[in-house]
Protein chains: 2
Amino acid sequence: MTEVADALAQQVWDLVFAYDAAYDRAAQVAGLSAAQACLLEHLAGDSRPMGELASELQCDASNVTQLVSRMETRGLVARTPNPDDRRIKLVSITPAGRDVRRVVRGAFEFPSERLALLTDQEQRLLSGLLGKMLGATS
Amino acid sequence: MTEVADALAQQVWDLVFAYDAAYDRAAQVAGLSAAQACLLEHLAGDSRPMGELASELQCDASNVTQLVSRMETRGLVARTPNPDDRRIKLVSITPAGRDVRRVVRGAFEFPSERLALLTDQEQRLLSGLLGKMLGATS
DNA sequence: CCCTTTGATTGATTCACTAAAGTTTCTCGA
DNA sequence: TCGAGAAACTTTAGTGAATCAATCAAAGGG
């Protein structure tokens, strides 16, 4: 690696560190852990099977079971069996969950704050570079 | 936020997610948790007081106590009192710790892999943009 | 010398995560 | 159609990370 790449690696580290810390704080504002906030974020439109969530979050299914259980007791998500295949449990976000998710999103100012430091031109440039870096994602 | 910024925010999220996952995996290769690997990374040249580590890692001092304790029993770090101020414990990395740290660094291919997808020109460009984004770090 | 502050530890609790069974439901082939 | 096996989720047990409150020991200041 060249010196440029070394400095760049450090910058990426700093970015990730700051980003993670900011996300933790945003989740905490809503009384959630980062993992819980992340789960809410993955509950799009309707309802999703546990297994899908596990693979998206890249963690064990039993981990999702526990996460969902904790959040279910707090009324943030709901579990309903899939009538077509009763092995499958569909997880959906409740209105209360939607509220909490809104709070998290509102408190997570990091991206908009930092990206606002760049001009439109620069943002397009950065997007292009990140696209190239992430292109062949494993 | 514009549509460009939205897409960009998603790209940054993806980058951070992939980065975190890769770091976890690299640490695991060396039999460490991410937190432990991170601690080793903060043990530069000689030895550092616990308190300094806590503030750098942005966590409670008691958390560092536990981390260091676990790693001390595994012979990766050492604790020595500071003769000038005997309240202070200085943490240093052992030769074994250095070995393990080398393994982590070797297994953490994410930055070099991804940055290698960019030309020198593009890397300089990215570095400039990140510098601007991280400039006024809180 | 007390008294306060500082640095680190201890104890208790919660959450995230993993691994290893265990349960229910489905599927498919004989 | 029945039974073996797979699939999807749950349970249990154990570990690590993290935080908070309380404690302890050493400095330092009046």
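The values are calculated or read from the model by the stated rules, or taken from the named source; none is laboratory data. If you're wondering where the values come from, they're calculated on a predicted model, not measured in any experiment. Cβ atoms come from the backbone with ideal geometry, glycine included; neighbour counts cover every protein chain shown.
State all residues of segment B:77-93 that are more than 12 Å from DNA strand C (Cβ to nearest atom) and over 13 Å from residue B:42 (Cα atoms); if no residue qualifies, say none.
The one that is more than 12 Å from DNA strand C (Cβ to nearest atom) and over 13 Å from residue B:42 (Cα atoms): B:83.
State all residues of segment A:104-119 that are surrounded by fewer than 15 Cβ atoms within 10 Å (Cβ to Cβ) and either at the interface with chain B (Cβ under 7 Å from one of its Cβ atoms) or touching a Gly at 6+ places or on another chain (Cβ under 7 Å) (or both); if no residue qualifies, say none.
Listed by number, the residues that qualify are A:112, A:117.
Against the conditions (1) surrounded by fewer than 17 Cβ atoms within 10 Å (Cβ to Cβ); (2) within 15 Å of DNA strand C (Cβ to nearest atom); (3) away from every other protein chain (no Cβ under 14 Å); (4) within 18 Å of the chain's Cα centre (by Cα), where does residue A:47 fall short? Just the number, please.
The failed condition is (2).
What's the number of the condition residue A:28 fails, among (1) within 30 Å of residue B:113 (Cα to Cα); (2) within 14 Å of another protein chain (Cβ to nearest Cβ); (3) in contact with a helix residue (DSSP H, G or I) (Cβ under 9 Å, 6 or more places away or on another chain)?
Failed condition: (1).
Go through A:106, A:97 for me and flag whichever is more than 14 Å from residue A:39 (Cβ to Cβ) and at pLDDT 95 or above.
None of the others qualify; the one that does is A:106.
Using the structure shown, decide if residue A:8 is crowded, with 17+ Cβ neighbours inside 10 Å and either within 12 Å of DNA strand C (Cβ to nearest atom) or away from chain B (no Cβ under 13 Å) (or both).
It is false that residue A:8 is crowded, with 17+ Cβ neighbours inside 10 Å and either within 12 Å of DNA strand C (Cβ to nearest atom) or away from chain B (no Cβ under 13 Å) (or both).
What strands (runs of 3 or more DSSP E), lying completely within segment B:35-130, carry at least 2 residues that are within 16 Å of DNA strand D (Cβ to nearest atom)?
B:77-81, B:89-93
Surrounded by 15 or more Cβ atoms within 10 Å (Cβ to Cβ), near DNA strand C (Cβ under 9 Å from one of its atoms) and over 18 Å from the mean Cα position of the chain (by Cα): does that describe residue B:53?
In short, no.
Take the conditions surrounded by 15 or more Cβ atoms within 10 Å (Cβ to Cβ) and more than 14 Å from chain B (Cβ to nearest Cβ) and apply them to residue A:91. Does it pass?
It is true that residue A:91 is surrounded by 15 or more Cβ atoms within 10 Å (Cβ to Cβ) and more than 14 Å from chain B (Cβ to nearest Cβ).
Would you be able to say whether some residue in segment B:15-22 is surrounded by 15 or more Cβ atoms within 10 Å (Cβ to Cβ), away from chain A (no Cβ under 12 Å) and either among the acidic types (Asp, Glu) or within 13 Å of DNA strand D (Cβ to nearest atom) (or both)?
no
Please name all residue pairs, on different chains or six or more residues apart, with Cβ atoms under 6 Å, provided the first residue is in segment B:37-62 and is within 14 Å of residue B:90 (Cβ to Cβ) and the second residue is near DNA strand D (Cβ under 9 Å from one of its atoms) and in a loop (DSSP other than H, G, I, E, B).
As it stands, the answer is B:49/B:88, since those pairs meet every condition given.
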